[in-house]
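Since every read-out is calculated from the coordinates, none of them should be taken as a lab result. Since the model is a prediction, treat every value here as computed from it, not as a measurement. In this analysis, Cβ positions are derived from the backbone assuming ideal geometry, glycine residues included, and neighbour counts consider all displayed protein chains.
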2 protein chains.
Amino acid sequence: MEHILILGGDGYLGWPTAMYFSSRGYAVTVVDNNFRRNVGKEIDVTMLYEVPNLIERANIWYEKTGYEIKVVIGDLSVPKQMRSLFDGSLEYDWATNKDFTGIADTVIHFAEQPSAPYSMMNFTTSNLTLINNITVTNNLIYAVKDYAPKTHIIKLGTMGEYGTPNIDIEEGWLDITHKGRKDKFLYPRQASSIYHTSKIMDTDLLWFGVRTWDLKVTDLMQGPVYGIDTDESIVDERLRTFFNYDEIFGTILNRFIVQAVVGYPLTVYGSGGQTRGYLNIKDTLQCIFAATKKPAKQGELRIFNQIVETFSVIELAELTKEAGRLIGYDVEIKNIDNPRKEKENHYYNPTYQGLFNLGVKPNLLTDKIIGKIFKVALKYKKNIREEIIFRGVKW
Amino acid sequence: MEHILILGGDGYLGWPTAMYFSSRGYAVTVVDNNFRRNVGKEIDVTMLYEVPNLIERANIWYEKTGYEIKVVIGDLSVPKQMRSLFDGSLEYDWATNKDFTGIADTVIHFAEQPSAPYSMMNFTTSNLTLINNITVTNNLIYAVKDYAPKTHIIKLGTMGEYGTPNIDIEEGWLDITHKGRKDKFLYPRQASSIYHTSKIMDTDLLWFGVRTWDLKVTDLMQGPVYGIDTDESIVDERLRTFFNYDEIFGTILNRFIVQAVVGYPLTVYGSGGQTRGYLNIKDTLQCIFAATKKPAKQGELRIFNQIVETFSVIELAELTKEAGRLIGYDVEIKNIDNPRKEKENHYYNPTYQGLFNLGVKPNLLTDKIIGKIFKVALKYKKNIREEIIFRGVKW
């Protein structure tokens, strides 16, 4: 039985990933420090619906499916916590996974502060983002190098590392010819928030680990994800992943749909020409699974751009408006002063063929998919607090 | 009177920089947390001679010259400490600098863990290096943005950020043409230690600060520095800067000379073909002074390569051997297994014209200069502990 260790297993993507692998017969361990739950209280944002805690979710999952997911609560920015996952000091006593050896075949690293606006609130949140994300990644590199050099590291990066360059975005690497000589480099990156900059730093650390200690690493440059339900979560509503609709932790399409449901005009920053690559949460799971099935080689930093199509912000707003119209909603779009420093009209031509080559079949965005998210938002409409949708974190 | 704030003012370069500006009539404040002194005790390395503490040095400097240097002891990775330097909360009561306004015209940032081998000792020193260097730089960016946006930031970077690419190294930036389109990027960087990687991250943060908040920044990509005495330190021997000759904190030429003096064969790692750009400590001071006199523009990240000539390790060993021979020493060179993961034979062609264009007149390395360092090493020969010269920190 293959063993999957998921760092940040309580998060928007971490938990669905855990269920996905668990339902396919993998031994799964999830680790989290409850950051995403605690930070919501700190900055007074609530989710669309309450989500049982990680231990409760694992229990519900076991009751419904008979699969066990092992839960570890811990802060992975503390080296000892991270190292205990690889040095054999954790006790594993799963009834169903007797052949578990203590060393994960694959570790999937989501254990990061994941919000750009949160990273830009003030110097405290900026430092927290940098320190947490870099320290967790560095601790992972050292633990794997010291105890589990054959474990495949899958890291969630972000397309935001590239920014919006005026040349085509390749998958991680760029061959450069300069004054008649050639070399190959990590694609030059410049990000538009401290959060995205911390992910550039993660990639630099992983590349250092690969060059220096022959680690095997896949870095997935992911675009913004939308959606809620996955094939596993439909077993029980309590297994649904987090749904934030606020400006800080809500991703754009999920947030737009909640705004549409409560008649809050869709907040398009500036002209809305900002173009990015997007994907359905189901495709995130497919991509990670494909990368696990066909791992990077020892001594390789393999980079994929994890998106399936591109939209501008105004296009997403129009799509939401149209999907709303089909089910009887009159959705308003409102262009507001852009609170962020970013280009509103820019070239954007990313390559994203690598994961398709591994067999990923994209779920493209449709009215029907938007309609399904509408339904969930409608069901919990009474929970929606309009005052947390937009506060204008500015940079 | 212009005011210069020197972060890391107790270090090998920080203190000579403080005296250099002070002797030219600038109001100078130095800040340090004594890291370089304390870490020596932790890892049991001692310097060639004892150096009075920072407050004592400032007192000696005042006695000898009549110039005051204001001393602040504090840890700049703590945001409050950093911010207190810019928000007017520090009390300034210098007898001689009555017109001091509380806001520095220029801040020179040396406040980093500066040793590559230290950063590679273990995961604790690796994390310390990353967290200290990134947090101090981020705290500086936020403090300057919030309180002193017109203050010119001069940051000591390192040529090591570039690594050893197979194309010419430009001064910080590279124009890239790709599939018929063009853009300009920070020169692609990949470093050979966690320390050097932390400096890449610093540059990324500074570039983010410049793009987002129009800061004015000069990033000096410096090569290894050699030398001890400067025109200011010769006033009194107690004003001499730190001299480390161990593998962790000793820079290469200084270390070779101490090895020569005690008859310890010069430890050349591998074939010794590793080529880097070097400069005399006096040229560091000239370069920083030139950058201060002609600051970056608001909203500009200006990058200079701060070296004056290049040598391979074996060339430096041969130069030391020859300079030793001239004063009667029979110096032996010994190639040892390279404890580091680095290329021993590589292309290396950096540009370094920018600082010369600002008027820097290089002090090139000569037998005479090496001979002077020999004299200092000889004077303190009785203090030299051979067992700390090489321990083989490996990566």
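Summary value for chain A: 19 percent relative contact order, contacts being C-alpha pairs under 8 angstrom separated by 6+ residues.
Length gained on full extension, B:Arg325 to B:Thr351, computed as 0.36 nm times the residue gap minus the Cα-Cα distance: 6.1 nm.
For the residues A:Ile257, A:Ile134, A:Ile55, a GNM of chain A with alpha-carbon springs under 10 Å puts the largest fluctuation on A:Ile55. Each other copy holds its own label point for A:Val78; taking that point as 7 Å from Cα along Cα to Cβ, the gaps run 2.3 nm, nearest first. Enumerate the calculated ³J(HN,Hα) couplings along the range A:212-219 in order (Karplus 6.51 cos²θ - 1.76 cosθ + 1.60, θ = phi - 60°), each rounded to whole Hz, writing x wherever the residue is Gly or Pro. These are the phi-based 3J(HN,Hα) values: 8, 10, 6, 5, 10, 9, 10, 10 Hz. Of all DSSP bridge pairs formed entirely within the range A:3-388, close to 20 percent run antiparallel. For the range A:171-186, putting each phi into the Karplus relation 6.51 cos²θ - 1.76 cosθ + 1.60 with θ = phi - 60° gives couplings of 8, x, 10, 9, 7, 10, 10, 9, 6, x, 10, 10, 7, 10, 10, 3 Hz, in residue order, rounded to whole numbers and with x for Gly and Pro.
By the count of other C-beta atoms within 10 Å, a proxy for reagent exposure, B:Val308, B:Val39 are ordered fewest to most as B:Val39, B:Val308. Comparing A:Tyr226, A:Tyr142, A:Tyr12 in a Gaussian network model of chain A (Cα springs below 10 Å), the most mobile by mean-square fluctuation is A:Tyr142. Karplus-based coupling profile of the range A:230-235, in residue order and whole Hz: 10, 4, 7, 5, 5, 4, with θ = phi - 60° in 6.51 cos²θ - 1.76 cosθ + 1.60 and x standing for Gly or Pro. Our summary of shape: the Cα atoms of the range B:347-395 have principal axis extents of 43, 34, 17 Å, ordered from largest down, in whole angstrom.
Of all DSSP bridge pairs formed entirely within the protein assembly as shown, close to 20 percent run antiparallel. Take the Cβ atoms of A:Glu315 and A:Trp173, set R0 to 30 Å, and the FRET efficiency comes out at 0.55. Residues A:Met121, A:Met221 in ascending order of nearby Cβ atoms (within 10 Å, fewest first): A:Met121, A:Met221. In this assembly of identical copies, the label point of A:Trp173 (Cα plus 7 Å along Cα-to-Cβ) is separated from its counterparts by 2.9 nm, sorted shortest first. Residues whose amide H comes within less than 5 Å of that of B:Trp395, counting only those at least five positions distant or on another chain, are B:Arg340, B:Lys341 (H built at 1.01 Å from N in the peptide plane).
With a/c under 1.5 counting as rounded, go ahead and sort the range A:78-218 into rounded, prolate or oblate using the C-alpha gyration tensor (a ≥ b ≥ c being the square roots of the eigenvalues; past the cut-off, prolate if a/b is larger than b/c, else oblate). Oblate is the answer for the range A:78-218, as a/c is 1.5 or above yet b/c matches or exceeds a/b.
A Förster distance of 60 Å, applied to the separation of the beta-carbon atoms of A:Ile234 and B:Thr46, puts the FRET efficiency at 0.35.
Amide H to amide H distances under 5 Å link A:Ile108 with A:Leu5, A:Ile6, A:Leu7, A:Ile154, where only residues 5 or more positions off or on other chains count and H is placed in the peptide plane. Each copy carries a label point for A:Asn345 at 7 Å from Cα along the beta-carbon vector; from one copy to the others these points are 5.5 nm apart, nearest first. Comparing mean-square fluctuations of A:Thr164, A:Thr203, A:Thr125 from a GNM of chain A with C-alpha springs under 10 Å, the top value falls on A:Thr125. Just to confirm the filter: which trypsin sites (Lys or Arg not before Pro) across the range A:139-190 are DSSP coil and have at most 15 other Cβ within 10 angstrom of their Cβ? Listed in order of number, the matching sites are A:Lys150, A:Lys179. Taking each of A:Lys182/B:Lys182; B:Lys282/B:Lys372; A:Lys64/A:Lys282; A:Lys394/B:Lys184 in turn, the alpha-carbon distance tops 23 angstrom for A:Lys394/B:Lys184. The ranking of B:Asp337, B:Asp283, A:Asp10, A:Asp236 from fewest to most other beta carbons within 10 Å of each one's beta carbon is B:Asp337, A:Asp236, B:Asp283, A:Asp10.
Sorting the Cα pairs of chain A by distance into bins of 10 Å, from 0 upward, gives 5, 23, 34, 26, 10, 2, 0 percent per bin. By the Cα gyration tensor, the protein assembly as shown has an equivalent ellipsoid whose semi-axes, rounded to whole angstrom, run 50, 30, 24 from largest to smallest.
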